[in-house]
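Working notes, structure below.
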Amino acid sequence: MDKKINIGLFGFGTVGHGLYELLQKVPVAHIAKVCVRCPEKHRQEAPELTFTTDRDEIFNDPEINFIVELIDDADAAYHIVRRALLHRLPVVTGNKKMLAHHLPELIELQKEHNTSLLYDASACGSIPVIRNLEEYYDNDLQISLKGILNGSCNFILSKIFNEGMPLEDALRLARELGFLESDPTLDLDGWDSLYKLVILAVHAFGIYVEPAKIFTYGITHMTDADIRFTNEKERRIKLIGHAEKLPNNDLILCVMPQLLSRNKYIYGVEDEFNGVVIKGFFYGKQFLVGRGAGGHPTSSAVLSDIMATRYDYRYSYKRMHCSDLPHFSNNIAFRIYLRYNDPSDIALLDFEEIYESYDSPDYRYVVGKVRLSRLHEVRDEMARRKLFVAAYPND
């Protein structure tokens, strides 16, 4: 794309406004029009921009040759991105929930209409994880991808473990700084990390797995007792997205808290930073770290995608064309920590082995081995009972 980039922008929240500010400093593209729900709310922030509530004003404008979608509503984002591809307009999106549910269709649409769809901003903020998986780690046998995929959650956990801040105070601060999603349960319950993991698995291992099939559990039900236990064991709780190919070619995917020891790379990843460890058969472990939340880090990834289209860059999805693709499976046992309320909670998880247990009137826990498939089956019931569960690696 050699001609001037005239952007039709959908959304002017934290990331959309961040992109606007970046383009003031680096004027490599022009925001021609912005579609938002309430134009009056934003006109004072950017009086020189043209705001509208009508999507058609953007898609019918002959001067607009690029679409950037940065809204919270996944359903609306899907229709915007799909329409852009059908109009053969290059499009950049940061909506990980939408991508996680519609990526196979969107991959086919961009091939069919020979149009770029880029979304590095959808996973890990400023870290170019997707681009690295596509371009630099595409010639090795991927073994695993593990990491902190949600900067907001990591910020909250850092404040709790480093400063002793109560959970509610850490939540309030994260909200004030613009780190939390408009619906904070997306961050705290692990859904945001799940959507990113689905996207990353496509680029790392070549297979798409529906989000509903993947065990996902967050930190919503973490209590002071869980924090004390973790501190006593000289570990830290981190919410981890985990993808790993087993020797039998099964691929496991899950999102859950982990009690990490100091010898793990991501133990020291703090505040709103993300950290991802990519492991290959030949190159070993690669550690990527960077800011994963906030307007400017994410919008910088958006701008990078915009500029990549100048060179006709698009994802090639090389892994999806491999002859020996892995098979998704939940058939693996994890060593976990469970803080429970009633003996029936232990029976719910169907432990294969129990290594450690404690029972007092105000605090009960057990450490043992449980199948990932079982955790997935009873996930909603665990949440209803307000149980806290975390992977507890031996090392």
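Laid out as a table, the results:
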{"quantity": "Residue match in segment 280-294 (condition: surrounded by 19 or more Cβ atoms within 10 Å (Cβ to Cβ) and of a type in the set (A, V, I, L, M))", "calculated": "yes"}
{"quantity": "Per-region count, segment 245-264, residues out of contact with any Leu (no Cβ under 9 Å at 6 or more places or on another chain), in a strand (DSSP E or B) and either of a type outside the set (D, E) or surrounded by fewer than 15 Cβ atoms within 10 Å (Cβ to Cβ) (or both)", "calculated": "2"}
{"quantity": "Test: residue in segment 222-234 that is of a type outside the set (D, E), free of Cβ contacts under 8 Å to residues at least 60 places away in the same chain, surrounded by fewer than 19 Cβ atoms within 10 Å (Cβ to Cβ) and farther than 25 Å from R379 by Cα", "calculated": "yes"}
{"quantity": "Residues of segment 35-85 satisfying the condition of being assigned to a loop (DSSP other than H, G, I, E, B) and buried (at least 21 other Cβ atoms within 10 Å of the Cβ)", "calculated": "I64, L70, I71"}
{"quantity": "Selection count, segment 9-34, where residues are within 23 Å of E181 (Cα to Cα) and either of a type in the set (S, T, Y) or outside any loop (DSSP other than H, G, I, E, B) (or both)", "calculated": "12"}
{"quantity": "Candidates A383, A347, filtered to the one that is assigned by TED's automatic domain parsing to the domain that holds A225, aliphatic (A, V, I, L, M) and more than 24 Å from the chain's Cα centre (by Cα)", "calculated": "A347"}
{"quantity": "Which listed residue is out of contact with any strand residue (DSSP E or B) (no Cβ under 9 Å at 6 or more places or on another chain), more than 23 Å from G295 (Cβ to Cβ) and hydrophobic (A, V, I, L, M, F, W, C), from L180, L186, L167", "calculated": "L167"}
{"quantity": "Scan of segment 120-153 for residues that are within 29 Å of H87 (Cβ to Cβ) and either more than 12 Å from the chain's Cα centre (by Cα) or not in a loop (DSSP other than H, G, I, E, B) (or both), ordered by number", "calculated": "D120, A121, S122, P128, V129, I130, R131, L133, E134, E135"}
{"quantity": "Segment 345-364, residues that are over 20 Å from T223 (Cα atoms) and exposed (fewer than 14 other Cβ atoms within 10 Å of the Cβ)", "calculated": "A347, D350, E352, E353, I354, Y355"}
{"quantity": "Within segment 101-119, tally of residues that are assigned to a helix (DSSP H, G or I) and of a type in the set (S, T, N, Q)", "calculated": "1"}
{"quantity": "Subset tally (residues that are in a loop (DSSP other than H, G, I, E, B), under 23 Å from I237 (Cα atoms) and among the charged types (D, E, K, R)) for segment 343-369", "calculated": "1"}
{"quantity": "Restricting segment 1-22 to residues that are more than 17 Å from I58 (Cβ to Cβ) and hydrophobic (A, V, I, L, M, F, W, C), the residue that is surrounded by the fewest Cβ atoms within 10 Å (Cβ to Cβ)", "calculated": "M1"}
{"quantity": "Test: residue in segment 325-335 that is in contact with a helix residue (DSSP H, G or I) (Cβ under 9 Å, 6 or more places away or on another chain), closer than 14 Å to A390 by Cα and crowded, with 18+ Cβ neighbours inside 10 Å", "calculated": "yes"}
{"quantity": "Search result, residues across segment 71-92 that are within 18 Å of T298 (Cα to Cα) and in contact with a Leu (Cβ under 7 Å, 6 or more places away or on another chain)", "calculated": "V91, V92"}
{"quantity": "For M98: the one exception among (1) among the hydrophobic types (A, V, I, L, M, F, W, C); (2) part of a loop (DSSP other than H, G, I, E, B); (3) closer than 23 Å to S193 by Cα", "calculated": "(2)"}
{"quantity": "Pairs with Cβ under 9 Å, 6+ apart, first in segment 286-308 and within 13 Å of N150 (Cα to Cα), second part of a helix (DSSP H, G or I) and among the β-branched types (V, I, T)", "calculated": "V289/I266; R291/T298; G292/T298; G294/T14; G294/V15; T298/T14; T298/V15"}
{"quantity": "Qualifying residue in segment 203-210 (condition: assigned to a loop (DSSP other than H, G, I, E, B), among the charged types (D, E, K, R), assigned by TED's automatic domain parsing to the domain that holds Y365 and modelled with pLDDT of 95 or more)", "calculated": "yes"}
{"quantity": "Hits in segment 123-179 (condition: charged (D, E, K, R) and either surrounded by fewer than 21 Cβ atoms within 10 Å (Cβ to Cβ) or without any contact (Cβ under 8 Å) to a residue 12 or more places away in the chain (or both))", "calculated": "R131, E134, E135, D138, D140, K159, E163, E168, D169, R172, R175, E176"}
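Residue-wise test of (1) modelled with pLDDT under 90; (2) out of contact with any Lys or Arg (no Cβ under 6 Å at 6 or more places or on another chain); (3) closer than 30 Å to I252 by Cβ; (4) not assigned by TED's automatic domain parsing to the domain that holds G13.
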position	(1), (2), (3), (4)
L89	no, yes, no, no
V92	no, yes, no, no
A100	no, yes, yes, no
L103	no, yes, yes, no
Y136	yes, yes, yes, yes
G190	no, yes, yes, yes
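The values are calculated or read from the model by the stated rules, or taken from the named source; none is laboratory data. As the structure is a prediction and not an experimental result, all values here were calculated from the model. Neighbour counts run over all protein chains shown; Cβ positions are idealised from the backbone, glycine included.
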